[in-house]
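Participant: Below you'll find the structure I mean.
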Amino acid sequence: MSAHSLYIGLMSGTSMDGVDAVLAAFDSTGKPHVIDRSDAAFSNALRDEFLALNQPGSDELARSALAANALAETYARAVKQLLQRANVDASTIKAIGAHGQTVRHQPALGYTIQLNAPAYLAELTGITVIADFRSRDVAAGGQGAPLVPMFHTGVFASTQTRAILNLGGIANVTILQPGQDPIGFDTGPANVLMDLWCELHTGEPYDKQGAWGATGKIHTELLAHLIRSEPWFALAAPKSTGRDLFHLAWLENRIHHVQTLHPEQPAITPQDIQATLRALTARSAADAITKYAAGASEVLVCGGGARNAALMTELRQCLNCPVNPTDIAGIGTQDVEALAFAWLAWAHQQGIAVGNPSVTGARGARILGATWPA
Ligand SMILES: Nc1ncnc2c1ncn2[C@@H]1O[C@H](COP(=O)(O)OP(=O)(O)O)[C@@H](O)[C@H]1O
Ligand SMILES: [Mg+2]
């Protein structure tokens with residue numbers, strides 16, 4: 001154990017469900033081993049505030065600062081629980097890698113905003129915090145996302161072509177081909193639209209196992225319109241997206257458009273729309289994988305969407321290679337992203353430049369993140 005360095009990774013993604021935390025030991029080559037995990041849900045108030053802060057609103061500066069502090073408190077809770085579970089003292093942790101909460105992602109305009117309070121988190125935990133991983137890549141002309149493909153290379157590369165598909169709020173894929181630089185990009189919405197639609201019609205924050213959506217039927221005309229009417233889907237990689245694009249108004253405008261084409265037909269049911277959104281996630285991800293990794297021998301899936309049985313079935317129907325959760329490659333589906341941020345913290349401390357033009361479009365790899373010492 002003594003030859004290993006301990007890091008904590010904290011991920012809170014666009015789903016805004018809460019925080020995933022992992023404690024990992026890194027050997028000198030940077031190979032991580034997950035020791036334990038924990039999570040902490042956002043309070044309803046904090047989730048609502050983050051959702052609200054994704055859109056322009058009043059008094060955003062003060063509200064953002066307070067939401068960032070509340071996020072740090074949620075992060076600190078996850079860290080405390082993790083250290084207790086693993087029976088490890090805070091003083092033995094080299095650093096925490098903390099993603100922050102994305103509220104704007106506009107790389108073409110030169111910015112991406114992850115709310116975070118790393119100074120407060122360092123104060124609350126007594127552990128060095130490394131944060132703000134995306135802004136340097138954007139400053140170097142990149143998308144600032146996805147940042148995980150180099151990490152995926154380290155933990156998932158094999159002798160055959162593999163695609164790693166993360167189904168968080170947004171879906172992102174890494175394509176690993178032997179002897180080549182990884183390719184990584186966002187493929188579109190994963191859970192973000194399904195969650196919004198489910199909450200609107202059932203009051204539940206997400207569709208457990210996809211059971212509600214499974215009672216509906218895919219509306220093929222709406223599905224085709226959702227894909228064709230959005231130029232972002234046809235853009236070449238590298239590309240990234242977020243809630244700035246895929247929000248409720250985006251969806252409702254398109255439903256309205258399709259319904260007005262057929263005023264004589266009954267309204268599309270909420271369940272059919274949920275089934276169609278599931279198909280949109282599966283189809284857009286599968287199309288991207290087929291386009292950029294035609295010869296993939298396997299697709300490994302992580303993120304909360306891996307727990308949506310109906311979505312996994314749909315993906316298997318859209319792809320003609322095995323589709324498996326990342327557990328079969330040794331990392332739990334809910335640990336991959338958090339582990340990536342532990343790895344980014346490790347890479348920062350090692351002075352390793354991360355990201356490259358094939359992934360984010362940046363002019364070159366950069367050392368990502370900044371340090372708030374314990
Ligand atoms: N049991 C489940 N059934 C269906 N969907 C699930 C389940 N568990 C999680 N999810 C989905 O996964 C999302 C969280 O995924 P996560 O990987 O944490 O995303 P993010 O990184 O964006 O926070 C939830 O919002 C929900 O949509
Ligand atoms: Mg999450």
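The values are calculated or read from the model by the stated rules, or taken from the named source; none is laboratory data. Bear in mind that the values here come from a model prediction, so they are computed numbers and not experimental data. Every residue, glycine as well, gets a Cβ built from its backbone with ideal geometry; the counts of neighbours run over all protein chains shown.
Participant: Within segment 210-238, track down each residue that is in contact with an Asp or Glu (Cβ under 6 Å, 6 or more places away or on another chain) and assigned to a loop (DSSP other than H, G, I, E, B).
Facilitator: Listed by number, the residues that qualify are G216, K217, H219.
Participant: Let me ask something else about it. Of all residues in segment 1-56, count the ones that are of a type in the set (S, T, Y), more than 13 Å from ligand 2 (Cβ to nearest atom) and either over 15 Å from E73 (Cα atoms) or in the same structural domain as W250 (by TED's automatic domain parsing) (or both).
Facilitator: Total meeting the criteria: 5.
Participant: Can I ask one more? Quick check, is G179 out of contact with any Lys or Arg (no Cβ under 8 Å at 6 or more places or on another chain), over 17 Å from T276 (Cα atoms) and more than 16 Å from ligand 2 (Cβ to nearest atom)?
Facilitator: Against the criterion (out of contact with any Lys or Arg (no Cβ under 8 Å at 6 or more places or on another chain), over 17 Å from T276 (Cα atoms) and more than 16 Å from ligand 2 (Cβ to nearest atom)), G179 qualifies.
Participant: Ok, one more. Where residues in segment 293-339 are of a type in the set (S, T, Y) and in a helix (DSSP H, G or I), which of them is nearest to ligand 2 (Cβ to nearest atom)?
Facilitator: Top of the filtered list is T326.
Participant: Quickly run through segment 194-206 and pick out the residues that are within 16 Å of ligand 2 (Cβ to nearest atom) and aliphatic (A, V, I, L, M).
Facilitator: M194, L196
Participant: Continuing with the same structure: So R136 clears everything in (1) crowded, with 19+ Cβ neighbours inside 10 Å; (2) in contact with a Pro (Cβ under 8 Å, 6 or more places away or on another chain); (3) within 19 Å of Q350 (Cβ to Cβ); (4) not acidic (D, E) except one condition, right? Which one?
Facilitator: All conditions are met except number (2).
Participant: Among the residues of segment 178-208, which ones are modelled with pLDDT of 95 or more, surrounded by fewer than 21 Cβ atoms within 10 Å (Cβ to Cβ) and polar (S, T, N, Q)?
Facilitator: Once the filter is applied, which keeps residues that are modelled with pLDDT of 95 or more, surrounded by fewer than 21 Cβ atoms within 10 Å (Cβ to Cβ) and polar (S, T, N, Q), segment 178-208 yields only T202.
Participant: Output the residues belonging to segment 225-263 that are of a type in the set (D, E, K, R) and modelled with pLDDT of 95 or more.
Facilitator: Within segment 225-263, R228, E230, E252, R254 qualify.
Participant: Still on this model: For a quick check of your reading of the model, give me the residue pairs whose first member lies in segment 51-76 and is in contact (Cβ under 8 Å) with a residue 12 or more places away in the chain, whose second is part of a loop (DSSP other than H, G, I, E, B) and of a type in the set (D, E, K, R), with beta-carbon atoms closer than 6 Å and at least 6 apart or on different chains.
Facilitator: As it stands, the answer is N54/R243, since those pairs meet every condition given.
Participant: Also, quick follow-up: Criterion first (more than 16 Å from ligand 2 (Cβ to nearest atom) and under 30 Å from A157 (Cβ atoms)) does Q209 satisfy it?
Facilitator: So Q209 fails the test.
Participant: Turning to a different aspect of this structure: Has segment 261-276 got any residue that is in contact (Cβ under 8 Å) with a residue 60 or more places away in the chain, assigned to a helix (DSSP H, G or I) and not assigned by TED's automatic domain parsing to the domain that holds D195?
Facilitator: No.
Participant: Against the conditions (1) in contact with a strand residue (DSSP E or B) (Cβ under 9 Å, 6 or more places away or on another chain); (2) of a type in the set (K, R); (3) away from ligand 2 (no atom under 16 Å from the Cβ), where does R243 fall short? Just the number, please.
Facilitator: (3)
Participant: What's the number of the only condition in (1) closer than 30 Å to G142 by Cα; (2) part of a helix (DSSP H, G or I); (3) touching a Ser or Thr at 6+ places or on another chain (Cβ under 8 Å) that A286 fails to meet?
Facilitator: For A286, the exception is condition (3).
Participant: Do you know which residues across segment 338-353 are of a type outside the set (G, A, S) and surrounded by fewer than 24 Cβ atoms within 10 Å (Cβ to Cβ)?
Facilitator: Those that are of a type outside the set (G, A, S) and surrounded by fewer than 24 Cβ atoms within 10 Å (Cβ to Cβ): W346, H348, Q349, Q350, I352.
Participant: So A72 ticks every box in (1) hydrophobic (A, V, I, L, M, F, W, C); (2) within 16 Å of ligand 2 (Cβ to nearest atom); (3) under 21 Å from T371 (Cα atoms); (4) assigned to a helix (DSSP H, G or I) but one. Which box is left unticked?
Facilitator: (2)
Participant: Return the residue satisfying two criteria in turn: it lies in segment 97-124 and is more than 17 Å from the chain's Cα centre (by Cα) and touching a residue at least 60 places away in the same chain (Cβ under 8 Å), and of such residues it is farthest from A52 (Cα to Cα).
Facilitator: Residue satisfying both the conditions and the ranking: A122.
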